[in-house]
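K.L.:
Just dropping this structure here.
The values are calculated or read from the model by the stated rules, or taken from the named source; none is laboratory data. Because the structure is predicted, anything quoted here is derived from the model rather than measured. A quick note on method: Cβ atoms are made from the backbone with ideal geometry, for glycine too, and the neighbour counts reach across all protein chains shown. For the accessible areas, the whole protein counts, side chains as well, though only heavy atoms, and no ligand, DNA or RNA atoms are used. Shrake-Rupley method; radii C 1.70, N 1.55, O 1.52, S 1.80 Å.
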Amino acid sequence: MTERFHAASSSTGRANSVDALGCRLRRKFILVAMGAVTVVLTLIIAGINIVNYSHVCKMADARLDYILAGKDGIDWGDEPKDDPTNGKDAGDSQAGVRIRHFEGMTAESPFDTRYFTVTIDAGQVADVNTARIAAVGAKRAACIAAGLYSKGWTSGFSGNYRYTVTVQGDETTYVFVDCSRELASFHSFLSASVAISCIGWLAVLAIVAGASGAVIRPMVESYSKQKRFITDASHEIKTPLAVIDAANEVQEIESGESEWTQSIHEQVARLTALTERLVFLARMDEGSAGFTMTSIDLSEAVDKATAPFESVAVSRGKRLSTSIASGVRAHADAAAVAQVVELLLDNATRYASEDSVIELSLRAVSRGQGKGAAELVVSNAVDELPEGDLDRLFDRFYRADVSRSSKTGGSGVGLSVIRAIAEAHGGSASACGHGNQITFTVRL
């Protein structure tokens, strides 16, 4: 009955973990997809409207150039009409030929262009011409031009009016052309494009949200099968390992201890440790590691876990040097902290260079805003520093030197366990190298 209860609890916990993973993956998928859609839509809308606005400015500048040319001799609106009997179209008239010199201008442009001019002489308004516009009076035109003149602005927009200046001696003439229709069209297109983009964005969001479940389902199922396989296989392996170890002990009792029975003990212990670490990592992934977080004396816990490795280091041809600050406290699981220290030192004593010194230190560090952390550092010399990103050392089953790992008995999951424990304590685990020295830093 108890076994059924534990199996049911484990199954329920695994199902909850898988559901939580599915939700996280769906959120990430939706965020990434909608982020990409947002960037693309923003670039498209921005590009189209920038081109549209540039076109409005270009057309307004062409009208301004034509007006300025008219001030130098082109008669506005008084060109003689073409006689249909002379065989020429209006576009072939003298005015039409002149207009074609200005990009975007047509024969009708002079008749639908509304503009006004203001001449300022020695800082004073000397002349105002509002004959070609009804929306602006002389007083307002003079006020607009005087304001621009005082600021030294010579081109741009003032409300709905595009303006430029021409200077002759002490006289500065401001020419304003009405762009209200073009700007209204631009703003209308801008509003419509933004509205349509928002509707499209919401439509894509609905599609992505609906399809995200089907997209990530294979990943979630694969993850679930992998974790279930690791956990179930690990439990199944424990029984034959126990049987092998017991049979080996019986063999030692009957025939005496030999190098073969000793090797069997070592390999059984190695497989047992590997199995336990795999189960631990699987539980960490499922969020069911079961840490008991309390306020502990970290200095005492680290010192206690370090003590047995002094003789281990000597037996492996190395020496252990410690520098543990007193009074360092942390909110942590004491057994997990001891496991981190043991794994770090086991790794160091296995892979450190012969006759080298392994240095372990513990200190309290400040994280700002009144927050603190404990920093555990293990450093040792190595025969050859692994190439590339040392962060790969924390990947499961990654081993920089496979041949040496097989000799030393490394399994490639110890550092993965260290990082998992550190992150479960709100900290981090990292590795760095300099010369032939490698340093592992764990923050809690």
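K.L.:
Which ones in the range 264-273 are open to solvent by less than 50 Å² (accessible area, probe 1.4 Å) and free of Cβ contacts under 8 Å to residues at least 60 places away in the same chain?
P.N.:
Here is the first cut: in the range 264-273, the ones open to solvent by less than 50 Å² (accessible area, probe 1.4 Å) are 268, 272-273.
Hits for the range 264-273 are VAL268, THR272.
Residue-by-condition table, conditions (1) touching a Ser or Thr at 6+ places or on another chain (Cβ under 9 Å); (2) part of a strand (DSSP E or B):
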residue: ALA126; (1), (2): yes, yes
residue: ILE133; (1), (2): no, no
residue: ILE144; (1), (2): yes, no
residue: LEU148; (1), (2): yes, no
residue: THR164; (1), (2): yes, yes
residue: VAL167; (1), (2): yes, yes
residue: THR172; (1), (2): yes, yes
residue: ARG181; (1), (2): no, no
residue: SER185; (1), (2): no, no
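K.L.:
May I ask you to list pairs of residues, at least six apart or on different chains, whose Cβ atoms are under 8 Å apart, with the first in the range 334-359 being of a type in the set (D, E, K, R) and the second being in a helix (DSSP H, G or I)?
P.N.:
Matching pairs, first to second residue: GLU342/ALA305; GLU342/PHE309; ASP346/PHE309; ASP346/VAL312; ASP346/GLY414; ARG350/THR408.
K.L.:
From ALA233, ALA242, ALA289, which residue is open to solvent by 50 Å² or more (accessible area, probe 1.4 Å) and either more than 30 Å from GLU375 (Cβ to Cβ) or at pLDDT below 80 (or both)? I'd like the intermediate steps shown before the answer.
P.N.:
Working: ALA233 fails: open to solvent by 50 Å² or more (accessible area, probe 1.4 Å); ALA289 fails: open to solvent by 50 Å² or more (accessible area, probe 1.4 Å).
None of the other options fit; the residue is ALA242.
K.L.:
A follow-up question, please. So if I check each of VAL194, VAL215, VAL250, VAL220, which one is touching a Gly at 6+ places or on another chain (Cβ under 6 Å) and either under 30 Å from VAL32 (Cα atoms) or open to solvent by 50 Å² or more (accessible area, probe 1.4 Å) (or both)?
P.N.:
Working: VAL194 fails: touching a Gly at 6+ places or on another chain (Cβ under 6 Å); VAL215 fails: touching a Gly at 6+ places or on another chain (Cβ under 6 Å); VAL250 fails: touching a Gly at 6+ places or on another chain (Cβ under 6 Å).
Within the list VAL194, VAL215, VAL250, VAL220, the selection yields VAL220.
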